[in-house]
1. Could you list the square roots of 5 times each eigenvalue of the Cα gyration tensor of the stretch B:205-267, that is, the equivalent ellipsoid semi-axes, sorted largest first and rounded to whole Å?
2. Please sort A:35-48, B:60-73, A:211-224 by packing, taking for each peptide the average over its residues of neighbouring beta carbons within 10 angstrom, highest first.
3. May I ask for the distance between the Cα centers of the stretch A:166-222 and the stretch B:190-254, given as a whole number of Å?
4. Using the Cα centre of the stretch B:2-101 as the reference point, and only Cβ charges (+1 on K/R, -1 on D/E), how large is the resulting charge dipole? Debye, rounded to the nearest 20.
5. Specify the angular offset, from 0 to 90 degrees and rounded to the nearest 10, of the alpha carbon long axis of helix B:205-215 from the longest principal axis of the alpha carbons in chain B.
6. Could you list, in their original order, any pairs among A:104/B:102; A:81/B:80; A:80/B:104; A:263/B:263; B:3/B:45 whose Cα atoms are separated by more than 31 Å?
7. For the stretch A:35-99 and the stretch A:1-31, what is the separation of their Cα centres, given in Å?
8. Restricting everything to alpha-carbon atoms, can you work out Rg to Rh for chain B with a Kirkwood hydrodynamic radius?
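Laboratory data are not the source of any read-out in this text; all were calculated from the coordinates shown. Remember, predicted model here, so these are calculated numbers, not experimental data. Backbone-built Cβ (ideal geometry, glycine too); neighbour counts: all protein chains shown.
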2 protein chains.
Amino acid sequence: MQKRTVFFISDGTGITAGALGKLLEHFPSTNFTQVRLPFTDTLDKIKLAQDAILHAAEEDANRPVVIMSLGDMELRNSIKKSDAYFIDLFNTFIDPLGVELKQKPLTGAGIAHSVMGTKYNDRMEAVNFTLNHDDGMTNSGLEEAQVILIGVSRCGKTPTSVYLAMQFGIKAANYPLIPEDFERGTLPAVLHKHLDKIFGLTIKPERLHAVRNERRAGSFYASLDNCKKEIATAENLMRNAGITWADSTSRSVEELSAIILEKTRKPSNA
Amino acid sequence: MQKRTVFFISDGTGITAGALGKLLEHFPSTNFTQVRLPFTDTLDKIKLAQDAILHAAEEDANRPVVIMSLGDMELRNSIKKSDAYFIDLFNTFIDPLGVELKQKPLTGAGIAHSVMGTKYNDRMEAVNFTLNHDDGMTNSGLEEAQVILIGVSRCGKTPTSVYLAMQFGIKAANYPLIPEDFERGTLPAVLHKHLDKIFGLTIKPERLHAVRNERRAGSFYASLDNCKKEIATAENLMRNAGITWADSTSRSVEELSAIILEKTRKPSNA
């Protein structure tokens, strides 16, 4: 298997450049090592980066891939003297987009992820809201929620809520469906007036059994029988209430969040 | 101010394409409207996207920007019949990278954000760990933490911890520094054996005062005097213990996380 080191070199956090690292998943038969070099904002640091590139090339017996976002032209030109395959966000995206917009881009370091960035405060407020409304912790302030996730215990509500908040600035509460809901056969009363923003998660019994067993091995709660019953009852309950749901068994929080945003048709600028 | 609509069109979650939206911050004098169109994986959905592009062009009196990630060649060619400025992740990145790697990229939908993706399970485990070790909630399992953030109440420890976990798969606990620590003048005893992974956050008194006032207006806790004293004492305490710290006052969680990763020198593949 081919070995390649991928460097993400940025004068800021390197998070935008790093996001492109996801595209490496399109090449499953290369063995990538990913190295982040944020705050590379001086010629001295560029020199260190070049040493690392040279070293990796020797180790891998292949030239590295460099995904770079450097506003300063001198830094940009220096790093390119190394022997590597370069993907330059300025060359490829920012400068051509500037031509289209007839505007010169800002080239200061760390522009993309400053607190001045679009909607930063909304995102942080959403994260606070979501953590304070995790797992049915409180009913107060639910009218502020933009999404309320429901589902059986350990089906993925919490990480999905947190991702919705952190990534998209969505205030996402979540409520577990528990044995007393199943006995009553209806959603918790407090949720009745929020049906329009409720989204359900479900999961395959075998997977839920495995997840619960990691926490409480051998318990009734984790038993396959109980998981099957809880899931069937929860799905019935959601069906009767007209709630849309998605199966979390083989979906990432990224995929679930994208589905939830689409189905709940929240306008999003993120 | 020039108006432009930016469409993120993807056959998957659109999250990688959306990440490039951060680059729009380089053009502060354009008024961007961002529209995400995930799961655009049929010709019918492409047609809807084209209608939306046409509509936005009329509204803005400017052609839209389309940042797209579509594996299927027919979908890719269809959307490009619209009048827009296209940034095509396949054309620009994935296909040329394939040439460099001498490999054909996978073109299925949703490759980048599947649960099969690199390190997905590590990230989810880190999110669970972090939420269970928020705000000094428990001392058990601290040896598993990769980073332990400390600082006065409301200085940004929680959102930074959550970001470290969700984005980088770092198990990040956090501990508040509280009046009894200040009286004693030392870090909580339980942290003494973890000094190598502790990182401090601090904040300007005026900012802390404002943040605390939102929660408990007029309280002693929120008073500027108390904020000043807590911060000075906390910084002294960290200085004496040899803890590195960063000021969160005007830094985003992205910036803080990048700094923490760099200073704690954790190897990261994210």
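1. Working: eigenvalues 137, 51, 10 Å².
Whole-Å semi-axes of the equivalent ellipsoid: 26, 16, 7.
2. Working: A:35-48: 17.9, B:60-73: 20.6, A:211-224: 13.2.
Packing proxy ranking, top to bottom: B:60-73, A:35-48, A:211-224.
3. When both Cα centres are located, 36 Å separates them.
4. Details: 10 positive and 14 negative charges, 49 e Å.
The dipole of the stretch B:2-101 has a size of about 240 debye.
5. So the inclination is approximately 80 degrees.
6. On the way: A:104/B:102 36 Å; A:81/B:80 35 Å; A:80/B:104 26 Å; A:263/B:263 41 Å; B:3/B:45 25 Å.
Violating the 31 Å Cα-Cα cut-off are A:104/B:102; A:81/B:80; A:263/B:263.
7. Taking the Cα centre of the stretch A:1-31 as reference, the centre of the stretch A:35-99 is 12 Å away.
8. Working: Rg = 23.6 Å, Rh = 21.6 Å.
Expressed as Rg/Rh, it is 1.09.
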